[in-house]
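Colleague: Would you mind keeping the following structure in view while I ask a few things?
No lab work stands behind these numbers, since they all come straight from the coordinates. Model, not experiment: these values are computed from the prediction. When we count neighbours, we look across all protein chains shown, and the Cβ atoms used for this are built from the backbone with ideal geometry, even at glycine.
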Amino acid sequence: MFDVASIRSQFPALRQDINNQSLVYLDSAATTQKPQVVIDAISQYYSAQNANVHRGSHSLTAKATSQFEAARSTVAEFINAADEKEIIWTRGATEALNLIAQTYARNTLKAGDEILIGEMEHHANIVPWQIVAEQTGARVVKVPMSADCQLDCTAFTQLLNDKTKIVALAHTTNVTGTRQPIESLIQLAHQSGAVVVIDAAQGIVHEKIDVQALNADFLVFSGHKIFAPAGIGVLYGKLAHLEAMPPWHGGGKMVEKVSFSGTTYSQLPGKFEAGTPNVAGAIALAKAIEWYCQFERSQVETHIHGLVEQTYHALNQHDDIRVIGYQPNASVISFVVDGVHHQDVATLLDQQGIAVRSGHHCAHPLMDALGVTGTIRISYAIYNDQQDVTRILQAIDKCLDML
Ligand SMILES: Cc1ncc(COP(=O)(O)O)c(C=O)c1O
């Protein structure tokens, strides 16, 4: 079994006091803390290699470019992309989804076409589709969820039809941690002729993702949810789609030749990477992936699921706590306290040094379906331990006594 104490010691942000108590960080689904090796990679880059990439011919730019492209190879290998050109750097999952909507979707959708998305999706996987639907006359169609926060697969099958051109689904949802049956949903969507977009913002850190085995057309994730800094993310797309898509942002690096009589665009991946990219972010993401890959994923997940299960059983003892859509193999657990605003609970927990997320979690449609305005979400990661579970449970008991 891996050594949680030694893992924790690699995260400097976890060694601090908040409101005079040692920090218990239970908000990794919002963003993970960063191990020292990732922080060092950023610092080393700016201390020794900083230069613009794919421009000029001096030694520093050559060094920065080679590290930047090596980072792309690391990501390609990590998700088993068939070709490095299928990896496009973005600012995060949100930007990647907008890119797909404004290039692939905007150029292929026609009035009356349908985009199928789940009711539990994050706003990042709803709003870009609504925008492109408005631009093209297409329609966003919601796949409902069941009472236990699972996608209604019967409804999904019934809603698929020859007008369905795009299916966009989370690999794992962010409020309840529902792992969706994306393998079978991708197959069904393909049989019906739709292109599939997978939002792996939550899934990427909890499962080994193999884009070739999944056969998704597009898959996106953000670096900051897998121990890398914010501001770097990945769009994976099948080569044939990316090649056929027009560029999105215009500017430097995405062009071959610019003239006032017409401009020609770069080959992939440059075509979608206008302007100076987040070089340090890409290098740090590769470092974060290398760091994380040293651990046996199944051991990490068994550890996390154990913490969630224990939390669930303890929360269930309270009559006034309602756990929302409990998923046994998740890293998150969402709950509400009867008659108490979620924000008040989160504030009382913060006063005890505990960081949780409260609110609608960028999932208004899910909140509406559940009939709540928000939840309190505890999310665990590789560095959380038994002591964290004890602290949150004691802190919740104290909150309930006070409220
Ligand atoms: C399921 C899901 N999709 C998309 C996003 C958006 O990620 P980002 O804000 O890093 O672009 C999030 C962030 O919480 C998420 O949980």
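Colleague: Using modelled backbone amide H atoms (1.01 Å from N, in-plane), which distant-in-sequence or interchain residues come within less than 5 Å of ILE324's amide H?
Modeller: Close amide H contacts, sequence-distant or interchain: SER334, PHE335, VAL336.
Colleague: Another question about this same structure. Please give the residues of region 1-45, grouped as numeric ranges, whose backbone N is less than 11 Å from a label point set 7 Å along the Cα-to-Cβ vector of LEU393.
Modeller: It comes to no residues whatsoever.
Colleague: Determine the relative contact order of the chain: mean sequence separation of Cα pairs under 8 Å and six or more apart, normalised by residue count, in whole percent.
Modeller: Averaging sequence separation for qualifying contacts and normalising by length gives 23 percent for the chain.
Colleague: Now for a different question. Using a Förster distance of 60 Å, how high is the FRET efficiency between VAL255 and ASP338, based on the Cβ-Cβ distance and rounded to 0.05?
Modeller: Here the calculated transfer efficiency is 0.55.
Colleague: Rounded to the nearest 0.05, what FRET efficiency is calculated for LEU400 and ALA13 with R0 set to 22 Å and r the Cβ-Cβ distance?
Modeller: 0.15
Colleague: Given the chain, what whole percent of its Cα pairs are spread farther than 31 Å?
Modeller: More than 31 Å apart: 41 percent of the Cα pairs in the chain.
Colleague: Further question on the same structure: Would you calculate the convex hull of the Cα atoms in region 143-247 and tell me its volume per residue in Å³?
Modeller: Given the Cα convex hull of region 143-247, per-residue volume reads 117 Å³.
Colleague: Multiply the residue separation of HIS241 and HIS364 by 0.36 nm, subtract the distance between their alpha-carbon atoms, and state the gained length in nm to one decimal.
Modeller: Using 0.36 nm per residue and subtracting the Cα-Cα distance, I get 41.2 nm.
Colleague: On full extension of the chain, what length is gained from ASN215 through GLU77, given 0.36 nm per residue of separation minus the C-alpha to C-alpha distance?
Modeller: 48.1 nm
Colleague: Measuring from label point to label point, each 7 Å out along Cα→Cβ, what is the ARG55 to SER298 span in nm?
Modeller: 4.8 nm
Colleague: State, as an integer percentage, the relative contact order of region 154-207 based on alpha-carbon contacts under 8 Å between residues 6 or more apart.
Modeller: After rounding, I find 45 percent.
Colleague: Sticking with this one: Pick out which of GLY270, GLY56, GLY251 has the largest mean-square fluctuation in a Gaussian network model of the chain, springs linking Cα atoms closer than 10 Å.
Modeller: GLY56
Colleague: Before anything else, pin down the relative contact order of region 247-358: Cα pairs under 8 Å, at least 6 apart, normalised by residue count, whole percent.
Modeller: This gives 14 percent for region 247-358.
Colleague: Per DSSP H run of at least 4 residues, take -39500 (n - 2.57); add these up for the chain, divide by its residues and hand me the 222 nm value, nearest 500 deg cm²/dmol.
Modeller: -11000 deg cm²/dmol
Colleague: Convex hull over the Cα atoms of region 320-403, averaged projected area in nm²?
Modeller: Taking the Cα atoms of region 320-403, their convex hull projects to 5.7 nm² on average.
Colleague: Moving to a separate point now. Compute the Cα gyration tensor for region 359-403, then decide on rounded, prolate or oblate, letting a ≥ b ≥ c be the square roots of its eigenvalues: rounded whenever a/c is under 1.5, prolate when a/b is larger than b/c in the other cases, and oblate in all that remain.
Modeller: Since a/c reaches 1.5 but b/c is at least a/b, the shape of region 359-403 is classed as oblate.
Colleague: Between THR263 and VAL37, what FRET efficiency follows from the Cβ-Cβ distance if R0 is 51 Å, with the result rounded to 0.05?
Modeller: Efficiency at R0 = 51 Å is approximately 0.80.
Colleague: Right, another one. So which residue, out of GLY262, GLY371, GLY223, gets the largest mean-square fluctuation from a GNM of the chain using Cα contacts under 10 Å as springs?
Modeller: GLY262
Colleague: Rounded to the nearest 10 degrees, what's the angle between the helix 182-191 long axis and the longest principal axis of the chain, both from Cα atoms, 0 to 90?
Modeller: Tilt relative to the chain: about 40 degrees.
Colleague: Would you pull out the residues with amide H under 5 Å of VAL140's amide H, same chain only if 5 or more places away, H placed 1.01 Å from N?
Modeller: Those lying under 5 Å, H to H, from VAL140 are ILE115.
Colleague: Separate question: Within the chain, what's the longest run with no chymotrypsin sites (Phe, Trp or Tyr not before Pro) in a DSSP loop and at most 15 other beta-carbon atoms within 10 Å? Give the range, please.
Modeller: 3-259
Colleague: Here's something else I'd like to know. First select every other residue whose beta carbon is under 15 angstrom from the beta carbon of ILE321; then total the charges, Lys and Arg +1, Asp and Glu -1.
Modeller: Around ILE321, the charge tally is -3.
Colleague: Here's something else I'd like to know. Hey, can you grab everything whose amide H is under 5 Å from the amide H of ASP152? Only 5+ residues off in sequence or another chain; H modelled, so Pro and N-termini drop out.
Modeller: The list, which skips near neighbours in sequence, is MET145, SER146.
Colleague: Going down the table (LYS63/LYS257; LYS257/LYS287; LYS110/LYS271; LYS85/LYS163; LYS208/LYS257; LYS34/LYS63), which pairs top 28 Å between alpha carbons?
Modeller: Checking Cα-Cα distances, LYS257/LYS287; LYS85/LYS163; LYS208/LYS257 exceed 28 Å.
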